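> Before I ask anything, here is the structure I am working with.
The values are calculated or read from the model by the stated rules, or taken from the named source; none is laboratory data. All values derive from a computational prediction rather than experimental measurement. Here the Cβ is made from the backbone with ideal geometry for all residues, glycine too, and neighbour counts use every protein chain on show.
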Amino acid sequence: METKKFSEQGKNIPIEEKKEQDVNYSRIFKSKGISLTFKGICIFILTLLLLIPTIIISELVRERKSRQKEVREEVSEKWANSQTLTGPILIIPYKKIIQSDPKTGNVEYGTENLYILPEKLDIEGIVSPQIRHRSIFDVTVYQSELTFKGHFAPINPESQDIPENDFLPEKAMIYFGLSDFKGIENQLSIRLDNKTYELNASDILSSLNSNGLSSPISISSGNLTTTLPFNLGLKIKGSGDLHFTPIGKTNNTALTSSWNNPSFTGSFLPNTPADISESGFSAKWQVLYLNRNYPQIWKNQTYDISKSNYGVSLLQSTDSYAKAERSVKYAILFIALTFALYFFIEILQKKKVHPLQYGLVGIALCVFYTLLLSIGEYISFDYAYLIASAATITLITLYTKGAFGEWKIAIIFGIVLSSLYGFIYILIQLQDGALLFGSIGLFLLLAVAMYYSKKIDWYGNYQSS
């Protein structure tokens, strides 16, 4: 009687020998007292233990991110910090009675200031970005050329409850506020009513939480009832943000730049969608005095005018640390799914895998994140993710070939692992849709796992029918 044979791993094995081999698998498990349930518990505990290196990696990402922030602050401190520009503001002192004696008729006068904002303010500028390198980090800074044009409206003394004779126009001043004096690149001067005045450091408006420059101006009582045009040219540098305060009754701002990744920040966005392309951006704002919470003219009150600031922030084109931080959050998912796949293959293919081998695969998955973090500091995140994932997939695929002894299993495992990395990459790129697509993906993975779990003999009776 001829013995029937079937092929396993390229070898012809008699059916009787195959059945004996299946029985031996069962005996091995039973003789060593290792049940599938116990091994599943061991794998679960190992998965939890691997949370420790993922937590360490998360701390490492935050540490490198913090270091990047420190470098940016250091460069910004030496170059110039973000700039907020406020002005010009016209300041006119006036006499005020602070004490009077009805019996003697003696009157003691003091002075207070009347703060007058422009009737119209037009700002035009070009922002030229630069990338400064410090160690392995890049810092975005900028130089800008700006023009402030507009005019102050005539003043009606009666509307301010100030007698016209009490004004002191000979002591009037013009003020312009900015955040960081280190950014000034030209001698600031303002042309007011066809006269030019140089501006110097001043704290006259410290009550508005604003540093700035001021200059005495020469105007007469007659100037108070006429329109005062002004023109100011400014070259200023800074880093990160460039903001403006809408102190005009009507404010029009137009900016252009070669930076192609702007973020429009502050209390107001551009009135029309900004034109953003690979060659840069252009944006226009129009803000009315009705849109803010402080008046055009006030006396000695204090207002927080900074709440109405608006402008642009020059973002880095990529933030590899933020994306690396997001990817580490999926580490436990990666490890659990990989171990589950290994566990299913082990059972279905009747191959034994030692818990140490599970641990080595888990460590390889953790090393992926250190590769991603370190490579991402030198090249873009997308290329870093490709290199790190390709290296990890190749390593685990080859190890799977050694563990199970079959290229077919190793290749299938490599394809599944590649799909997982691709799925996580898509989630990292998404913002608002990450939760939706992530939930759908997990649901499908769970459905596949439940389907194949039906074919498993959970009692360890590795016998052929």
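> Could you list, in sequence order, all residues of segment 285-308 that are modelled with pLDDT under 85 and among the aromatic types (F, W, Y)?
Y303
> Please go through segment 295-349 and pick out each residue that is under 25 Å from the mean Cα position of the chain (by Cα), within 21 Å of N251 (Cβ to Cβ) and not polar (S, T, N, Q).
K307, Y310, G311, V312
> Among the strands (runs of 3 or more DSSP E) confined wholly to segment 245-289, which include 3 or more residues that are of a type outside the set (S, T, N, Q) and either under 22 Å from the mean Cα position of the chain (by Cα) or buried (at least 18 other Cβ atoms within 10 Å of the Cβ) (or both)?
262-266, 280-288
> Looking at A403, A390, which is the one that is small (G, A, S), closer than 26 Å to R64 by Cα and either at pLDDT below 90 or surrounded by fewer than 20 Cβ atoms within 10 Å (Cβ to Cβ) (or both)?
From the options A403, A390, the qualifying one is A390.
> Does any residue of segment 148-156 turn out to be assigned to a strand (DSSP E or B), of a type in the set (G, A, S), touching a strand residue (DSSP E or B) at 6+ places or on another chain (Cβ under 8 Å) and at pLDDT below 95?
No: segment 148-156 contains no residue that is assigned to a strand (DSSP E or B), of a type in the set (G, A, S), touching a strand residue (DSSP E or B) at 6+ places or on another chain (Cβ under 8 Å) and at pLDDT below 95.
> Here is a further query. Which of the residues belonging to segment 362-410 are part of a helix (DSSP H, G or I), in contact with a helix residue (DSSP H, G or I) (Cβ under 8 Å, 6 or more places away or on another chain), more than 18 Å from G422 (Cβ to Cβ) and not aliphatic (A, V, I, L, M)?
Selection gives G362, C366, T370, Y399, T400, K401, F404, W407.
> Follow-up. Of the residues P88, P129, which single one is part of a strand (DSSP E or B) and over 26 Å from S202 (Cα atoms)?
P129
> Further question on the same structure: Collect the residues in segment 157-185 that are among the aliphatic types (A, V, I, L, M) and either assigned to a helix (DSSP H, G or I) or within 42 Å of the chain's Cα centre (by Cα) (or both), keeping them in residue-number order.
M173, I174, L178, I184
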